[in-house]
1. If you check residue 70 against the conditions, is it surrounded by 12 or more Cβ atoms within 10 Å (Cβ to Cβ) and among the polar types (S, T, N, Q)?
2. Select from region 120-140 the residues that are within 20 Å of residue 50 (Cα to Cα) and either loosely packed, with under 15 Cβ neighbours inside 10 Å or acidic (Asp, Glu) (or both) and list them in ascending order.
3. Specify the residue that is farthest from residue 41 (Cα to Cα); the eligible residues are those in region 80-105 that are among the polar types (S, T, N, Q) and open to solvent by 80 Å² or more (accessible area, probe 1.4 Å).
4. Checking the condition of a type in the set (Val, Ile, Thr) and open to solvent by 20 Å² or more (accessible area, probe 1.4 Å), which residue from 77, 143, 117 passes?
5. Any chance you could count how many residues in region 1-31 are under 12 Å from the mean Cα position of the chain (by Cα) and open to solvent by less than 30 Å² (accessible area, probe 1.4 Å)?
6. Wholly within region 49-159, which helices (runs of 4 or more DSSP H) include no fewer than the required count, namely at least 2 residues that are under 30 Å from residue 9 (Cα atoms) and polar (S, T, N, Q)?
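The values are calculated or read from the model by the stated rules, or taken from the named source; none is laboratory data. Just so it is clear, the model here is predicted, and its values are computed rather than measured. FYI the Cβ positions are ideal-geometry reconstructions off the backbone, even for glycines, and counts take in every protein chain you see. Side chains are part of the model used for accessible areas, which takes the heavy atoms of the whole protein and leaves out ligands, DNA and RNA. Shrake-Rupley method; radii C 1.70, N 1.55, O 1.52, S 1.80 Å.
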Amino acid sequence: MAEDVVRAFGFLSLGTRMKRIGERLQADTQKIIDQMGVEIAASQYPLLAAVDRLGPLAIGDLADAMGVSQPGVTRSIAQLVDLGVLRAEPAPDDQRRKLVSLTAQGQRLVDEAKEAIWPRIEAAVADLCGKLDGPLLDQLAAIEDGLTALPLNRREPKP
């Protein structure tokens with residue numbers, strides 16, 4: 001097996017390493033969502049959760065609330081509107097702005113996720129990170145090793 005140069009470079013490649021961990025977590029999360037028979041991408045759930053939590057929002061405000069780029073949010077919103085889980089309508093005070101809200105189907109999806117999917121993902125990540133202690137680079141190594149040993153979708157919630 002080749003040397004893991006991203007890990008070996010320590011703080012120099014921290015951004016790459018965090019991205020790698022994020023991609024692994026996202027991929028494992030998608031496997032859990034797929035097992036539950038839901039046709040929403042793992043990357044789209046935070047958008048639905050934000051609208052559920054904060055209520056109807058302008059696209060720019062939604063991007064700010066999530067800490068991501070507005071073009072990315074706009075693309076995701078278009079996909080979720082096409083799936084029938086979000087609606088994007090002109091704001092009453094400014095027709096140039098669009099307010100994003102959950103449809104009835106979207107609210108059902110979020111409610112089901114809160115009940116069955118999100119707790120499973122949260123428990124799997126808590127299990128993965130439960131014994132972390134010490135310096136950041138060691139913790140990142142433990143997270144990566146934990147994901148390799150047992151991906152999120154194979155972790156069972158502990159009673």
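1. Spelling it out, residue 70 is indeed surrounded by 12 or more Cβ atoms within 10 Å (Cβ to Cβ) and among the polar types (S, T, N, Q).
2. 122, the sole residue that qualifies.
3. So, considering only residues that are among the polar types (S, T, N, Q) and open to solvent by 80 Å² or more (accessible area, probe 1.4 Å), the one farthest from residue 41 (Cα to Cα) is 95.
4. Criteria check complete, one pass: 143.
5. 2
6. Counting at least 2 such residues, we get 136-149.
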